[in-house]
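Remarks on the structure that follows.
Readers should treat all values here as calculations from the given coordinates under stated rules, not as data from a laboratory. Only a predicted model underlies this, so the values are computations on that prediction, with no experimental measurement involved. Here Cβ is always computed from backbone atoms with ideal geometry, including for glycine, and neighbour counts include all displayed protein chains.
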Amino acid sequence: MLAFFKKRWWIAFPLVLIFLGFTYWVIGKIQYRLNVMDIEEYEPTSTLVVPEHELTHAKFPFIDVHNHQFMMPIQNLDKLVGEMDELNMKVMVNLSGFRGKYLQWALDNVNEKYGNRFVLFLNIDFEELDDPGWPDNTLSIMEDAVQKGAKGLKVYKSLGLTDRDNNGQRIRVDDPRLDPIWSKCGELGIPVLIHTGEPVAFWSPKNKHNERWLELKQFPSRYKDPKTNPPFDSIMEEQHRVFRRHPETKFINAHLGWYGNDLAKLGQLMDEIPNMYTELGAVLAELGRQPITAREWLIKYQDRVMMGKDTYNKKEYHTYFRVLETADEYFDYYRKRHAHWKMYGLKLPDSVLKKVYYQNALNVIPGIDRQLFSEE
């Protein structure tokens, strides 16, 4: 029989395809009869009838303090600025300015037409901390970058998680070899926007009780196996020790410091560390599911929170506006793997909105054109 099909493969091949197709169809029918459905497919349409206010334009001009534009040295900025205008975004902070020639080219491109619409932060290589010339060479890079127009330092999550020194040891966020960097930022008058750690659920078992299970399924590398990663609390405490050790430096703790799910804890940190600020990048879903608590918290800490988005997508800003400005109930977040739950509006007072949207950033990030906000 095998020899028969080898000689007549043109017959066997279609038969195999037909068999596989039939098997797939049968499995689908069985799943349907048994009501089997993947959570990624389940998209129920709510029958709830409540007021809806779809917003595509922020009530007040805003500064996005957390964005990434990796092609800025060669990017045609006309389209991006046009979209910013439609959103009412007056200034975008590009945290991926890098350093050296890359930073210079990005600044040159920005300054050609849109010098007051973009702010660039520089990035440094922390894995050089054991190399000859540390920290002087890096401090010189920082000084030169600020002189050219950089307005802050962005620290990526690799510090504390994956960065290694020359001995192969994890570089702790509070490693004393890094102290000259934080001090230099204070001396230069620039803030540090620092991303430390990841959502605490990434350290939890990947089972039915993990609310970020879908994200860990789609991106398995984001799981932080306790056997190979330091505990969540340990990494966060390293970060907080740096903040306390350098009161002369302003730190913007990215992503609500990964305590958007525990605003009481975040508030305690705010009270203890007056030079710590925070922003909303990629964690709006944490606020939108606890509207009463989040509204009270934002009003209390209205001088310390800034607008941020992280990954750029024009339409996704609309959800930010709706959560912050309206009292809408039970509406979708824009990314299912971050939030399978629904959002509720906070309807923040105008005075608080202005601080979150732009006033706090003006007070923390140097050199932003205040005339862009003069009508407010």
Regarding region 62-373, what are the three Cα extents along the principal axes, ordered largest first, in Å?
-> 56, 50, 36
First measure r as the distance between the Cβ atoms of residue 245 and residue 166, then evaluate 1/(1 + (r/R0)^6) with R0 = 30 Å and state the FRET efficiency to the nearest 0.05.
-> 0.80
Added length on full extension, which subtracts the Cα-Cα distance from 0.36 nm per residue, residue 102 to residue 221 | 39.9 nm
Just add up the charged neighbours of residue 46: K/R +1, D/E -1, any other residue whose Cβ is under 14 Å from the Cβ of residue 46.
-> -4
Gain in span if fully extended, residue 342 to residue 272, counting 0.36 nm per residue against the direct Cα distance | 22.0 nm
Return the sequence-ordered ³J(HN,Hα) values of region 232-238 in whole Hz as given by the Karplus equation 6.51 cos²θ - 1.76 cosθ + 1.60 applied to θ = phi - 60°, using x for Gly and Pro.
-> 3, 4, 5, 5, 5, 5, 4
Just round it to a whole percent: the fraction of Cα-Cα distances in region 164-273 exceeding 18 Å.
-> 57 percent
Footprinting proxy, 250, 354, 101, 314: sorted fewest to most Cβ within 10 Å, the residues are 101, 314, 354, 250
Enumerate the calculated ³J(HN,Hα) couplings along region 186-202 in order (Karplus 6.51 cos²θ - 1.76 cosθ + 1.60, θ = phi - 60°), each rounded to whole Hz, writing x wherever the residue is Gly or Pro.
-> x, 5, 7, x, 10, x, 10, 9, 10, 9, 10, x, 8, x, 4, 5, 5
Percent antiparallel among DSSP beta bridges confined to the chain, nearest 5, equals 10 percent
Considering amide H positions built from the backbone, and no H for Pro or chain starts, which residues 5 or more places from residue 164, or on another chain, come under 5 Å of its amide H?
-> 171
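If r is the Cβ-Cβ distance from residue 23 to residue 75 and R0 is 45 Å, what FRET efficiency results, to the nearest 0.05?
E between residue 23 and residue 75, to the nearest 0.05, is 0.40.
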Sorted by chain and number, the residues with a modelled amide H under 5 Å from that of residue 333, at a separation of 5 or more or across chains, are 343
Please list, in chain and number order, the residues 5+ apart from residue 67 or on another chain whose amide H is under 5 Å from its amide H, with Hs placed from the backbone.
-> 93, 95, 310
Between their Cα atoms, which of 250/300; 184/315; 59/315 are more than 27 Å away from each other?
-> 184/315
Residue among 252, 56, 146 farthest towards the positive dipole end of the chain, charges placed on Cβ = 56
Cα-centre dipole for region 47-135 with unit charges at Cβ (Lys and Arg positive, Asp and Glu negative), debye to 20 = 360 debye
Just need the relative contact order of the chain here, percent rounded to a whole number, with Cα pairs under 8 Å and 6+ apart.
-> 17 percent
How large is ³J(HN,Hα), in whole Hz, for each residue of region 332-341 in order, when computed from phi with the Karplus curve 6.51 cos²θ - 1.76 cosθ + 1.60 and θ = phi - 60°, using x for Gly and Pro?
-> 6, 7, 8, 9, 5, 5, 8, 7, 7, 8
Expected sort for 37, 142 with the fewest Cβ neighbours (10 Å cutoff) up front is 37, 142
FRET efficiency for residue 111 and residue 313, Cβ-Cβ distance as r, R0 = 25 Å, nearest 0.05?
-> 0.45
Fewest to most Cβ atoms within 10 Å: 355, 336 sort as 336, 355
Could you check the simple spin-label distance between residue 130 and residue 183, using points 7 Å along Cα→Cβ, in nm with one decimal?
-> 2.3 nm
More than 18 Å apart - percent of Cα-Cα pairs taken over region 54-162 = 53 percent
Size of charge dipole - region 62-373 - debye, nearest 20, with Cβ of Lys, Arg +1 and Asp, Glu -1, no other charges = 900 debye
Prolate/oblate/rounded label for region 215-265 (Cα gyration tensor, a/c 1.5) | prolate
Does region 100-208 come out rounded, prolate or oblate by the C-alpha gyration tensor, with a ≥ b ≥ c the root eigenvalues, rounded set by a/c under 1.5 and, if not, prolate when a/b is larger than b/c and oblate if not?
-> oblate
